[in-house]
Amino acid sequence: MKERTTELVEGLRHSVPYINAHHGEIFVILLTGAVLKSNNYSSIINDIGLLYSLGIKLVIVHGARNQIDESLINHKIQPKYHKNTRITDASTLDIVKQVTGLLQLNITASLSMSLNNTPLQGAHISVVSGNFVIAQPLGVDDGVDYCHTGKIRRINKESIEQQLERDSIVLLGPVGVSVTGESFNLASEDVAAEVAIRLKADKLIGFCAEQGVLDEYGHVITDLYPVDADNYIKQKEQQDKHLSSEVRFLRAASKACRNGVRRSHLVSYLVDGSILQELFSRDGIGTQVAMEHSEQVRSAKINDIGGILELIRPLEEQGILVKRSREQLEMEIDKFTIIERDNMTIGCAALYPYLEEKMGEMACVAIHPNYQNSSRGNILIEKLIEQAKQLGLKTIFVLTTRSIHWFREKGFSPAEVDDLPIKKKQLYNYQRNSKILMFNII
């Protein structure tokens, strides 16, 4: 019981920075027809209620592709598609209206639940729907008339923002109205992307059956740039003419990110709590599409000192690193390179040049315990070697007491005190008896 309590406490503590960061932000969440049919749907709704209770402004866009196809077949109407877009004739439009209207009511009812002993107890969520999406006909392509299939003409941005300011959840479906009073069937992914762009949303969130985008080995690809997403989409289009919900969302995410939406997230609707794990943990569990990688390697600045100290203090206490005061770090901060992930310093290293001898000392190499079984150490070494080359240095050396084999694996060779630069030789601590290793820059 004590162990479970500790995990709960640690989880809450680690989520606080994300709770603070997300408060007041706008999230657009896409619930496809597959999500609405899944056994995990009620848990997803409860998690959305939790996001709402944390002060996040929510727009939910729901799809209905699966349900529409099922209803069409039940009515003995064959679903028709051209280039993965539904052809919506008059009889199909009637089915679309019926299905989407029922789904909208069911989602509203799910979000309105506030009985005792339910996760939404006391939430009292206001859900608002309306003519927020103005549509127009998609038209004719390759001689094929899409009939009542449409595209987005305008988003009533101000009206949506007014509802969000009133603490309402805005619920949008895949049907838009036109200025002529007609209804048009829309792709829910297009609605979600366009709304996120117009609202300058912080996040666009979607679901698929897998944990996210998987590589050839079945591992989740945690970060994608829009260009990577585009290449993945092209690959899938060549393999299968019927696009999965994963690919359709990635297309929307790529567009959203290129137009100002900071991050898009793709998680599994089959994994309980996936949306919470993705949004409130540093590494998440799904795939993130963003213009900037969530992790960056950069030169340290004066306001990074706190993060560096937090990272190196445990190692100093264990005698692995030589102790550095805050004042010393302030004076030497220009020597440091850090790896930052979501505003947290997870790695650091410093390069102290000895220009006369064309040598440099690599010092204070530290990686956060959660990321030590990764390539971050290699990344730091490569970055410092690059800096050393720019300074015209020929050799890098390290003094270490615990990481001898690790540096040997990186190409460093044993050396003696006499091999050190004169100034460093004079400061060598014989009591500490650090091993000296050197790397020749090619």
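The values are calculated or read from the model by the stated rules, or taken from the named source; none is laboratory data. Nothing here was measured: the structure is a model prediction, and the numbers come from that model. Here Cβ is always computed from backbone atoms with ideal geometry, including for glycine, and neighbour counts include all displayed protein chains. Keep in mind that these areas ignore ligands, DNA and RNA; they rest on the heavy atoms of the full protein, side chains included. Shrake-Rupley method; radii C 1.70, N 1.55, O 1.52, S 1.80 Å.
See the values below:
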| quantity | calculated |
| --- | --- |
| Residue list for region 138-165, filter: loosely packed, with under 13 Cβ neighbours inside 10 Å and modelled with pLDDT under 95 | G139, V140, D141, D142, G143 |
| Where a residue in region 338-367 is farther than 20 Å from K423 by Cβ and in contact (Cβ under 8 Å) with a residue 60 or more places away in the chain and its partner, wherever it lies, is open to solvent by 40 Å² or more (accessible area, probe 1.4 Å) and of a type in the set (A, V, I, L, M), with Cβ under 9 Å and at least six apart | D342/A21; N343/A21 |
| Subset of region 70-118 (residues that are among the hydrophobic types (A, V, I, L, M, F, W, C), within 23 Å of L171 (Cα to Cα) and open to solvent by 40 Å² or more (accessible area, probe 1.4 Å)) | L102, L105, A109, M113, L115 |
| Residues of region 178-190 that turn out to be part of a strand (DSSP E or B) and surrounded by fewer than 24 Cβ atoms within 10 Å (Cβ to Cβ), as a count | 1 |
| Residue ranges of helices (runs of 4 or more DSSP H) in region 325-442 with at least 1 members within 30 Å of E10 (Cα to Cα) | 326-332, 376-390 |
| Flag for D334 being over 30 Å from K255 (Cβ atoms), among the acidic types (D, E) and open to solvent by less than 40 Å² (accessible area, probe 1.4 Å) | no |
| Test: residue in region 211-233 that is surrounded by fewer than 14 Cβ atoms within 10 Å (Cβ to Cβ), at pLDDT 90 or above and under 30 Å from L321 (Cα atoms) | no |
| Subset of region 12-29 [farther than 19 Å from L105 by Cβ and at pLDDT 95 or above] | E25, I26, F27, V28 |
| Hits in region 46-69 (condition: more than 17 Å from Q104 (Cα to Cα), part of a helix (DSSP H, G or I) and open to solvent by 40 Å² or more (accessible area, probe 1.4 Å)) | L50, Y52, S53 |
| Search result, residues across region 337-358 that are more than 27 Å from the chain's Cα centre (by Cα) and open to solvent by 20 Å² or more (accessible area, probe 1.4 Å) | Y352, P353, Y354, L355, E356, E357, K358 |
| Test: residue in region 221-241 that is over 16 Å from the mean Cα position of the chain (by Cα), more than 19 Å from L51 (Cα to Cα) and of a type in the set (F, W, Y) | yes |
| Unmet requirement for G377, which otherwise passes all of (1) without any contact (Cβ under 8 Å) to a residue 40 or more places away in the chain; (2) surrounded by fewer than 20 Cβ atoms within 10 Å (Cβ to Cβ); (3) closer than 21 Å to S299 by Cβ; (4) not aliphatic (A, V, I, L, M) | (2) |
| Failed criterion for K76 (all others in (1) farther than 23 Å from L204 by Cα; (2) touching a residue at least 60 places away in the same chain (Cβ under 8 Å) hold) | (2) |
| Members of region 191-210 that are open to solvent by 30 Å² or more (accessible area, probe 1.4 Å) and under 19 Å from the mean Cα position of the chain (by Cα) | K200, A209, E210 |
| Qualifying residue in region 356-379 (condition: among the aromatic types (F, W, Y) and touching a Ser or Thr at 6+ places or on another chain (Cβ under 9 Å)) | no |
| Lone qualifier among S264, S268, S274, S281 - being open to solvent by 40 Å² or more (accessible area, probe 1.4 Å) and of a type in the set (G, A, S) | S281 |
| Filtered residues of region 294-328 (kept if open to solvent by less than 30 Å² (accessible area, probe 1.4 Å) and in contact with an Asp or Glu (Cβ under 7 Å, 6 or more places away or on another chain)) | S294, I305 |
| Residue match in region 165-177 (condition: closer than 23 Å to I26 by Cβ and assigned to a helix (DSSP H, G or I)) | yes |
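Rundown of residues vs (1) of a type in the set (A, V, I, L, M); (2) at pLDDT below 95, yes/no style:
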{"position": "T395", "(1), (2)": "no, no"}
{"position": "W406", "(1), (2)": "no, yes"}
{"position": "G411", "(1), (2)": "no, yes"}
{"position": "A415", "(1), (2)": "yes, no"}
{"position": "L420", "(1), (2)": "yes, no"}
{"position": "I442", "(1), (2)": "yes, yes"}
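Each row is one residue, and each column tells you yes or no for (1) closer than 22 Å to G218 by Cα; (2) without any contact (Cβ under 8 Å) to a residue 24 or more places away in the chain; (3) under 27 Å from the mean Cα position of the chain (by Cα).
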{"residue": "S268", "(1), (2), (3)": "yes, no, yes"}
{"residue": "D272", "(1), (2), (3)": "yes, no, yes"}
{"residue": "R282", "(1), (2), (3)": "yes, no, yes"}
{"residue": "I285", "(1), (2), (3)": "yes, no, yes"}
{"residue": "Q296", "(1), (2), (3)": "no, no, yes"}
{"residue": "L315", "(1), (2), (3)": "no, no, no"}
{"residue": "K323", "(1), (2), (3)": "no, yes, no"}
{"residue": "E327", "(1), (2), (3)": "no, yes, no"}
